[in-house]
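Input: a single structure, listed below in structure tokens.
The values are calculated or read from the model by the stated rules, or taken from the named source; none is laboratory data. None of these values were measured; they are calculated from a predicted model. Glycine gets a Cβ as well: all are built from the backbone with ideal geometry, and neighbour counts include every protein chain shown. Surface accessibility is based on the protein's heavy atoms, side chains included, excluding ligands, DNA and RNA. Shrake-Rupley method; radii C 1.70, N 1.55, O 1.52, S 1.80 Å.
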Amino acid sequence: RFKSIFRDLIDNKIIPSKDIIKTRLDQEFFDFLQRPGLIIKYFEDYIQRMKDHKLLATDGGPYAPGTIETFKTALKHLKEFEKLHSITLDMQSFDMNFYYDYLDYFYSNNYSTNAIFNPIKKLKQVLRQAEQEGHRVHPGYRNRRFVAPAEITDKIYLPDPEVQAIYQYKYELFS
């Protein structure tokens, strides 16, 4: 980036100085951080790379379709959060204030603690990848309190088709 700024100054017949180059670099960095929708665009690209097998799971294989769906759900929640708060999230948005507001979003929509786990876990995974790829991400997401909450439960959830299959089986068994 330094070389292109330097060339641009020379092309415009401006004598490059340390201060001018530093100002240009600072401005470009600020512009980079302020790009609207950067996290949403990055998240969508991340999901597409998972689908295209350009990102591999920790076992070295492709991501399972169900896993990709959990990332899509996490993205959907981020988009709803943006819309609800009339904001545009960027890579610098993920501090502890965001975290508490995001938890409030889930709890105010009557999500259980365990339902909040995956969207936050997936968000942190995407932010880690963005950081590894050189994006400047607010370090707040690494805070030990910025966690995906979970609780032990004895509730068992089965989708309706599975419940119907159990009832059908019991009916056939006792008929």
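Given the rule -39500 (n - 2.57) for each run of at least 4 DSSP H residues, summed and divided by the residues of the chain, what is its mean residue ellipticity at 222 nm, to the nearest 500 deg cm²/dmol?
-20500 deg cm²/dmol
Per residue, how large is the accessible surface of the chain? Use a 1.4 angstrom probe and give square angstrom.
With all protein chains present, the chain gives 69 Å² per residue.
Lys3 to Asp104: FRET efficiency via 1/(1 + (r/R0)^6), r the Cβ-Cβ distance, R0 35 Å, to the nearest 0.05?
It comes to 0.15.
State to the nearest 20 debye the size of the charge dipole of the range 16-175 about its Cα centre, where the only charges are +1 on K and R beta carbons and -1 on D and E beta carbons.
In debye, rounded to 20, the range 16-175 gives about 380.
In nm, give the distance between the simple-model label positions of Ala115 and His53, each being 7 Å from the Cα along the Cα-to-Cβ direction.
For the pair Ala115/His53, the computed spacing is 3.5 nm.
Measure off, as a whole percent, the carbon and sulfur share of the 1.4 Å-probe accessible area of the chain, all protein chains present.
The nonpolar share, carbon plus sulfur, comes to 54 percent.
Which entry in (i) 18.2; (ii) 19.6; (iii) 18.8 matches Kirkwood radius over Cα pairs in Å derived from the coordinates of this structure?
Step by step, Kirkwood radius over Cα pairs in Å for this structure corresponds to label (ii).
Taking the mean number of other Cβ atoms within 10 Å as a proxy for protection, how do you rank 123-135, 44-56 from highest to lowest?
123-135, 44-56
Using 7 Å Cα-to-Cβ label points, what is the Glu162/Asn12 separation (nm, one decimal)?
A separation of 6.1 nm, rounded to one decimal place.
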